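The values are calculated or read from the model by the stated rules, or taken from the named source; none is laboratory data. From a predicted model like this one, the values you see are computed outputs, not experimental measurements. Note: ideal-geometry Cβ built from the backbone for every residue, glycine included; neighbour counts use all protein chains shown.
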Amino acid sequence: MYKKLERLLITLSIVLVSAFSMIIVINKHKQMFAGTNGGVLVLKAKSNIKESIAEIAKKNNVLIAKQIMVPSTDGKTDNQPTFQKFGNGTLPKDFPEQKNKEFIEDSNDSVYYFIFGKTLSSIDLSKYLNEKGNTSMVSDNDWRFQGITALLDTRMIVGLLLFLISYTSILMANIIINLKKQGVQRLAGISCFRLSFLGLKKRLTYIFITTIITLLTSSLILYIINLRRIMYFYVIIFPTIFIVLVLLLIELIVGILVYLFLQRQKINLVIKDMAPIRALMSFVFLLQLISLLCLIFSFSSISSSHKDLVLLKKATNKWKSQDYYSPSLLNGNTEKSKENVLRFLSEANQKEEVLIIADNFNKYPLQNQYFPTSNGNENILYVTPNYLKKVGIKFNNTMKSDITILVPETEKSHKNKLSTLWSQAFNSLNETSFSYNSSVYKSPSKDLFTFRIFGWSAVDNQAFVQEPLIVVMSPKLFNINNKNINSDVLFSWFSREQILFSNNKTTADLIKKYRLENVLGSFSNGNLSVKNRFVEIKSQQLFIVVTSSIALISSTFLFYLMNKIYLYQNRKKFAVARISGESLFTTHKTYLIQLFIIIIFAIGMIFIWHLNPLTLIIPPILGGLQLILLTRQIKNDVILKS
C-alpha cells in the first residue's frame, strides 16, 4: 500500500507540474518571442529611431523586428503582436510582419525590438540606440524559469507544500511501520546508513522513468500543436526538473533524519523492539504543525475563493442580460491621441451606447469613506447619466452642469460639505473649472451593479457597490472642443476597461476611422470575462481542495502509526497506570500537552497573519480528531490486552 501511495504522489507531482507548465506555453507562447537573439526595450524614442534601427540592421546584416500590437475585437482573444521588419530577409512565421502603412506610421516607437542574427547582440543594440539619444534597456526574454516562478506564486505554493508534506508523511509512515523489521536487520549486520536509504534506489528509478515519460509526452503534444521552439520545451523541462529535485531533497532529508534516529537507538533497545520514540515523535509533531499551518492557509484560501465565487456568480447573472465591450489601452497619452479619442467618443456616443462606470475597487475602498483622501480609498463611482437609468436611480437633472455629485441618502447631512470638497478636488486636476450641481439619491437596491469587466486590470472580484458617492459626468465633457477633461483620467479609465460600448463592430469601425488601432487594444466582453474569471477561481479552489484532502489523509495516517508505536513501546508503563486508576489525561499528559501546544501555536499564527476568522475552527477540529483517534486506539489496545 505504501509503495502505491508513494508512486501516486510522485506521479501526480510530476504530471501536474508538467501539465501546468505546458498550459503556460500554450497560453503565453506569443509573448515568449522564441527564436530571437535577444531584444531591447526602448523607453524613450527620438523621431529618427527608425533610421537608426535600419542603419544598424544593414551594417550588421541582421533582421530587427519592431513589435506592433494589433487589437482583437471579438472579446475573446488578447492583443496580437505583429512586427515591422528592418533589414533584408524574411521574419520567422512566429513573427507576422505588419504591412499596413497606417499601422506602421501611427505605431509608438517606444516598444520592444527583437534581433534575428548572431552578429549583433541586444547589449550592442541598446548601447547604439542610447548613443543616438534614445533611452533603451536590454529586454529580459528568458522564460525558462517562468514555470518555477508561477509555482512559487502565493496561490500555488500552499497546494505544492501540501503535496510535499503528503509525500514526506508517506515516507515517514513507511519507516515507522518497518521499525521492528529494521531492528532485526540491524542485528543481522546491516548498517544504519543502508537502512536509512532502503528503497531509495527503486523510488529514484520510478521518479526518473516517470519524468522521462512525462517530458516526452509533453514534448509530443507541443510538437503536434506546432509549438516547436526549443524555448517552449525549456519552459516545461525546468519546472519538472525543479519538482524532481525537491522530491529528491525530501528523500535526502528523511533519510538523514532516519539515520540520526537509528544512531540514537542502542543495540540492546533493538533486541527489546524499542524505537527512538522521542526523536520520532518530535519530527512527527513538527510535520503535523507544518501540515496544520498549510491546511489553515488552504482553508482560508478556499473560504476566500468561495466568497469570490458567490460574487462572480451574482455578477454572471447580471451580465447575462447585458452585452458590452471595452477596448483596453495599448499606448500612452499623447496630444494627438487625446484629440482622436475625444472625436471617437463623441461619434460613438451618437451611433451606439457609451457607458462609463469608473469604480474604485483596485484601491480597496472603505464603505463609509466619502470625503477625499490622499490614498484614494473613497466609496465612489464616476458614471455617465445612462448608468443611473440602468440601475434604477431616479435622476431628473438635464445635465446643464458638467458634473452632478449624487450623495447617498445616508449622507445627506454632509451633502454641502461633500459637494464643496469634491468640486475643489476635481478643479485642482484641470486647467479650467467645471460647473457643478449636487443632489441626494436613494439607492434602489442594497447592491449596485458596476458592469465591471474582469480583465487583467481587475485585481479583485468585486462587481457591486453599496451606497457610493456617484459623480455623474455630462456627455458634453467628451467633446473635442471641451478643454476641461483631464486626458490622464480618460486614459486611465481605458486602461482599466471602464469605458463600455454596446456594439463592437461600430466601435471597431470608429477606432479604425480615427486611426486609434495603436492606442486602443483588444476588446473584452463583460459576459465572457466574468465566466472566465469564475472558471479560473473554481480551478484554483479545486486544486487546493484536492491537495488539502491528500495532505489531511496522509497526516492523519502518519499520526495513527505514530500512536501505535507510542502505545506499544510504553505498554508496560500504561498497564501499570491503568491498574492504579490513573486518568487518561494523567497517563498521557506529556503527549496531550504537545498536541495542545500545536493547537495554541496554530491559533496564534492565525491572529498574527490576520487570516479569515473562520480558520479558527481548524486547529480545534483537527486536534479533536487526533484526540478521538488516540482515545480509540487506547481503548482498542486495552481490549486486545484483555
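At a glance:
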{"quantity": "Which numbered condition K572 misses (of (1) over 30 Å from K505 (Cα atoms); (2) touching a Phe, Trp or Tyr at 6+ places or on another chain (Cβ under 7 Å); (3) among the basic types (K, R))", "calculated": "(2)"}
{"quantity": "Residue check, T217 under 29 Å from L257 (Cβ atoms), within 29 Å of the chain's Cα centre (by Cα) and either surrounded by fewer than 17 Cβ atoms within 10 Å (Cβ to Cβ) or touching a residue at least 60 places away in the same chain (Cβ under 8 Å) (or both)", "calculated": "no"}
{"quantity": "Any hit, the range 187-197, residues being among the hydroxyl-bearing types (S, T, Y), in a helix (DSSP H, G or I) and under 30 Å from A34 (Cβ atoms)", "calculated": "no"}
{"quantity": "D323 being of a type in the set (D, E, K, R) and surrounded by 20 or more Cβ atoms within 10 Å (Cβ to Cβ)", "calculated": "no"}
{"quantity": "Any hit, the range 196-205, residues being surrounded by fewer than 17 Cβ atoms within 10 Å (Cβ to Cβ), over 30 Å from Q263 (Cβ atoms) and without any contact (Cβ under 8 Å) to a residue 60 or more places away in the chain", "calculated": "no"}
{"quantity": "Every pair of residues 6+ apart whose Cβ atoms lie under 8 Å, when the first sits in the range 435-457 and is among the acidic types (D, E) while the second is assigned to a strand (DSSP E or B)", "calculated": "D447/F464; D447/V465"}
{"quantity": "Residue in the range 86-109 that is at pLDDT 90 or above, within 19 Å of G521 (Cβ to Cβ) and either assigned to a helix (DSSP H, G or I) or of a type in the set (A, V, I, L, M, F, W, C) (or both) present", "calculated": "no"}
{"quantity": "Lone qualifier among E102, E97, E131 - being surrounded by fewer than 17 Cβ atoms within 10 Å (Cβ to Cβ), over 31 Å from the mean Cα position of the chain (by Cα) and closer than 24 Å to I26 by Cα", "calculated": "E97"}
{"quantity": "Candidate set from the range 551-596 (those that are outside any helix (DSSP H, G or I) and among the hydroxyl-bearing types (S, T, Y)); member that is farthest from Q633 (Cα to Cα)", "calculated": "S580"}
{"quantity": "Which listed residue, of K338, K363, is of a type in the set (K, R), out of contact with any strand residue (DSSP E or B) (no Cβ under 6 Å at 6 or more places or on another chain) and surrounded by fewer than 16 Cβ atoms within 10 Å (Cβ to Cβ)", "calculated": "K363"}
{"quantity": "Number of the exception - S52 against (1) in contact (Cβ under 8 Å) with a residue 12 or more places away in the chain; (2) farther than 24 Å from N134 by Cα", "calculated": "(2)"}
{"quantity": "Any hit, the range 407-430, residues being closer than 29 Å to N527 by Cα and of a type in the set (A, V, I, L, M, F, W, C)", "calculated": "no"}
{"quantity": "Pick from the range 11-37, criterion crowded, with 20+ Cβ neighbours inside 10 Å, over 19 Å from the mean Cα position of the chain (by Cα) and modelled with pLDDT of 85 or more, ranking: nearest to T211 (Cα to Cα)", "calculated": "I14"}
{"quantity": "All positions within the range 306-330 that are in contact with a helix residue (DSSP H, G or I) (Cβ under 9 Å, 6 or more places away or on another chain), in a helix (DSSP H, G or I) and of a type in the set (A, V, I, L, M)", "calculated": "L309, L312, A315"}
